[in-house]
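Heads up: the structure comes next, in structure tokens.
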Amino acid sequence: MLTGEFNHSIDAKGRLIIPSKLRESLGEHFMITKGMDGCLFLYPDNEWKAFEEKLNTLPLTNKKARDFKRFFVGSSVDGELDKQGRVLLPSSLRTYAGLEKEVVLAGVLDKVEIWNRDAWEAHTAEVEENIEDIASDMEDLGLSI
């Protein structure tokens, strides 16, 4: 299970150390793609395959479905760890997510999100401010705490 929040830095070559706790669940090979809210998603192979299967059920005749599929699959790259536990993040993905130096990796059960640290802090502050409303909306989706 992918959980936890980790602060790290991207080096000058665009490499990022994946924390050992996350490496265990991600495995040595995984997929990296654009994510929602301006972050990147890292999917373990099994989760990526399940996501691909869902994407393949989308109707080709629906433009939003085609765009949705392109957004995730068109930007995806294979991720592979080097001997130091680092992954190279392509410059196009770093640019999309505004990743320069300081980043946050957040495990969110089925994937890892990589955020620009300032964007993460702003996003989490907004969520914390609105958690009561968010929790109420989750009840509407069938999830209660």
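A simple rule links phi to the HN-Hα coupling: the Karplus curve 6.51 cos²θ - 1.76 cosθ + 1.60 with θ = phi - 60°, which for the range 59-68 gives x, 4, 7, 9, 4, 4, 5, 5, 5, 4 Hz, with x for Gly and Pro. Restricting to lysine pairs 8 or more places apart or on different chains, what number in the chain have Cα atoms under 15 Å apart? Count of close lysine pairs: 8. Which label belongs to the value computed from this structure, given these candidates for Rg/Rh (Cα atoms, Kirkwood Rh): (1) 1.49; (2) 0.98; (3) 0.92? Of the listed options (1) 1.49; (2) 0.98; (3) 0.92, (2) comes from this structure. Centroid-to-centroid, using Cα positions, the range 98-145 and the range 1-58 are 15 Å apart. Take the chain, connect every pair of alpha-carbon atoms lying under 10 Å apart with a spring to form a Gaussian network, then pick out the residue of LEU58, LEU40, LEU81 with the largest mean-square fluctuation. Greatest mean-square fluctuation among the candidates belongs to LEU58. Taken over the Cα atoms of the range 43-90, the convex hull encloses 66 Å³ per residue. For the options ASN46, ASN56, ASN116, a Gaussian network treatment of the chain with springs between C-alpha atoms closer than 10 Å singles out ASN56 as fluctuating the most. Of the residues ILE131, ILE114, ILE17, the one that moves most in a GNM of the chain with alpha-carbon contacts below 10 Å is ILE131.
Entry comment: accessible area of the chain is 63 Å² per residue, from protein heavy atoms only and a probe of 1.4 Å.
The values are calculated or read from the model by the stated rules, or taken from the named source; none is laboratory data. All figures in this text were calculated on a predicted structure; none of them were measured in a lab. Calculation scope for accessible area: heavy atoms of the full protein, side chains included, ligands and nucleic acids excluded. Shrake-Rupley method; radii C 1.70, N 1.55, O 1.52, S 1.80 Å.
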